[in-house]
Structures are given as structure tokens and as C-alpha cells.
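One structure is given here, and the rest of the page talks about it.
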Amino acid sequence: MNFEIPADNRKQNLVYKAVGERKISLTFLPPTVSIYEYAPVYFLIPGGGWHMEKRSDMLDFAQISVNSLRESGFAVVSIDYRVSEEDGIAMEEIISDCFDAARYLSHFRETLKIDSDRIAVSGHSAGGHLALMLAYAPHDMFVRDSFLTDDFTIVAAAPLSPPTILYTTDEEPTLGIQTDKAFKNCNTEEMRRKCSPYSYVSEQSPATILCAGTSDRLVYCNSSELLYKKLTENHVHCKLILSVCGGHCFEQMHDGIIPVPPYVEIQKNIVNFVKDNI
């Protein structure tokens, strides 16, 4: 069997996909308060430069929004995925894992008591990029090792420090990282455009809140600013929060200067945005 069958809607660590001997898992956290018959989902994707990831780290990083949304009747999911350090794994496989996790949730929506047509997706850094790909790209574009065909709907996206454009543009650079190393097996212009969330923005894109630090030296804040501009041009409901002097994780980067707004406030903004758009 290519996946693990959930027992019910209690807290569980589940294998949502297996490719050969490689098992890929997610953590499912039910709502702490029963409000909906079928709970909307807060879907988290961890970062790590596409070469490492840990779903528990994302749950910790987003603890404020996780706890608040669970207390508002949301189920929470955080996923693992294959990474570029694994032999032969390309960006397309990484993206396809994220889509397959969403398909898995939809397939077992009755067992898990979730509403797979009301998913809000978030992630940090590389996870923010993957969250936007899940939100914007056509669902049939990244079908690689897929075995489930169940559909789902992303109604809101809330990426943190996300790379949005992976290719070279006429604008200022959007990334402060070595792209050849970061985008292993994604080294052609055509592939980088295919794997860029910016490429898929349309009037049908879901509501989006973008959060970035102005002193981020890994993913420059104009990565979010350029996407925000394109979203507004396409009349998509969106919001941009820039943490002035905040770093990649919204940490303090300059002596004596506290980032504004701080990360705590950013998380509260995400909670309100998700609840308003779910």
C-alpha cells in the first residue's frame, strides 16, 4: 500500500505517500474545540532550502497560529517531503509531494472529519514557496509519483519569507542564496519558471497574505513585494506585511532596533486573515 489509513480524527503521524522504500509522513492535529462538523484545515509546509526539512520545526515556528486556529475549530497538518539531497530528487518531485499530501487529506476527509475544500496553506522560506505553488499552480501539473486523484481547494495562502521568482528578471535580485546549489535539478530557465509561484498568478488565485522581513538576506523582501504587485494587478484579495528590520525568521538583525511588527504580531495577523477568508 502506498499510504497509511488514518484511524479517526485524533492526533496522528501518518504516512501519506511511499515511493519505493521511502515513506513520507505528515502530522495531523485535530481541533481542540469542536465548532465545525468538518473542520477547515491549516496546512503547514516546513522550509530548509529544499535540501532539508522537519515538520515538527514548522509546528514549533508557527505555534501561535497553530494553537489559535485549533482553538477556532481548525485541524492542523504539517508535512514532510522529499528533499534535493536525496538521490535524483528534482524540484518537481518536491512540489508533487505537497500536492499528494493535500490529495491524501481529501481522500480521507470523512475519516479525519475535515473540509478539504477549505484549506489555508502556510510555510516558511522554501516551505513558503511550496505553499504558494500548492495555492496557485494547476493541480494536474505536478503529478509525478501520485497515486490518489482526489481534488482539494486552497482558499487562503499565508507564506512567510517565500521565494516567489526562481528565475532571473529585469528587477532587482530576489534571492541572496546560491541558486545553483539551492535549486538542484531545477537549473534551466524553463524549469525555474515552471516552479515559480509568480508564474501562476491569476484572478482565480486564492486570498494571500505575504510576510517578509526587510533585513532578510536570504530571501529579499522584494520577492514578496513583486508577487503582491502582481496579485493586486489581478484583483486578488491580498495583504503585504513587511517587518521593518526583521530577518529571515523575523529576528532582530540590528543592534538596538526591534523589528516592527514583531513575529508575534505577524502570526496574529495570519490567524485573522485565515479566519476571515476560510
Quiz item: Of the cross-linked pairs Lys113/Lys275; Lys113/Lys239; Lys239/Lys275, which ones have a Cα-Cα span greater than 21 Å in the structure shown?
Solution: Lys113/Lys239
Quiz item: Looking only at Val66, Val260, Val19, which one moves most when the chain is put into a Gaussian network model with springs between Cα atoms under 10 Å?
Solution: Val19
Practice problem: Give me the percent of DSSP beta bridges within the chain that run antiparallel, rounded to the nearest 5. | Solution: 40 percent
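For the stretch 119-278, give the share of DSSP beta bridges that are antiparallel, in percent and rounded to the nearest 5; count only bridges with both residues there. Walk me through the intermediate numbers first.
On the way: 4 of 19 bridges.
Bridges in the stretch 119-278 are about 20 percent antiparallel.
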Practice problem: For Leu240, enumerate residues with amide H under 5 Å from its amide H, sequence gap 5+ or separate chain, H modeled in the peptide plane. | Solution: Leu210
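Over the chain, with every protein chain in place, what whole percent of the accessible area is carbon and sulfur at 1.4 Å, could you tell me? Spell out each step's value before the answer.
Values: 5560 of 11850 Å².
Roughly 47 percent of what the probe reaches on the chain is carbon or sulfur.
Suppose only helical runs count, i.e. DSSP H with n ≥ 4. What mean residue ellipticity at 222 nm does that imply for the chain under -39500 (n - 2.57) per run, divided by all residues and rounded to the nearest 500 deg cm²/dmol?
Details: 9 runs with 84 residues, N = 278.
Per the formula, -8500 deg cm²/dmol.
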Quiz item: With charges set only on the Cβ (+1 for Lys and Arg, -1 for Asp and Glu), what does the dipole of the stretch 12-170 come to about its Cα centre, in debye to the nearest 20?
Solution: 380 debye
Quiz item: Taking the simple approach of a point 7 Å from Cα along Cα-to-Cβ for both Val244 and Lys229, what is their distance in nm?
Solution: 2.1 nm
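For the chain, what does the accessible surface come to per residue with a 1.4 Å probe? Please give it in Å².
On the way: 11850 Å² over 278 residues.
Dividing the accessible area of the chain by its residue count gives 43 Å².
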Exercise. Please identify, among Val121, Val41, Val15, the residue showing maximal mean-square fluctuation in a Gaussian network model of the chain using a 10 angstrom Cα cutoff.
Key: Val15
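Compute the relative contact order of the chain as a whole-number percentage, counting only Cα pairs closer than 8 Å that sit 6 or more residues apart in sequence. Write out the running numbers ahead of the final one.
Numbers: 634 pairs, mean separation 45.2, N = 278.
Normalised by residue count, the contact order of the chain is 16 percent.
Under the Kirkwood approximation for Rh and a Cα-based Rg, what ratio Rg/Rh is obtained for the chain? Mind showing how you got there, number by number?
Details: Rg = 17.5 Å, Rh = 18.5 Å.
Answer for the chain: 0.94.
How big is the antiparallel share of DSSP beta bridges in the stretch 10-100, given as a percent to the nearest 5? Display every interim value, and only then the final one.
Details: 11 of 15 bridges.
Rounded to the nearest five, the antiparallel share is 75 percent.
Report the net charge of residues surrounding Met1, where surrounding means a beta-carbon distance below 13 angstrom and charges are Lys +1, Arg +1, Asp -1, Glu -1. Don't jump to the answer; show the numbers that get you there.
Numbers: positive: Lys17, Lys23; negative: Glu4.
After counting each charged neighbour, the total is +1.
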Quiz prompt | Net charge contributed by nearby residues that have their C-beta within less than 10 Å of Phe142 (K/R +1, D/E -1) | solution = -3
Quiz prompt | Cβ-defined net charge surrounding Phe152, 10 Å radius [Lys, Arg +1; Asp, Glu -1] | solution = -1
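The values are calculated or read from the model by the stated rules, or taken from the named source; none is laboratory data. Since the model is a prediction, treat every value here as computed from it, not as a measurement. Note that we place each Cβ from the backbone using ideal geometry, even for glycine, and neighbour counts take in every protein chain shown. The accessibility values were calculated without ligands, DNA or RNA, using every heavy atom of the protein model including side chains. Shrake-Rupley method; radii C 1.70, N 1.55, O 1.52, S 1.80 Å.
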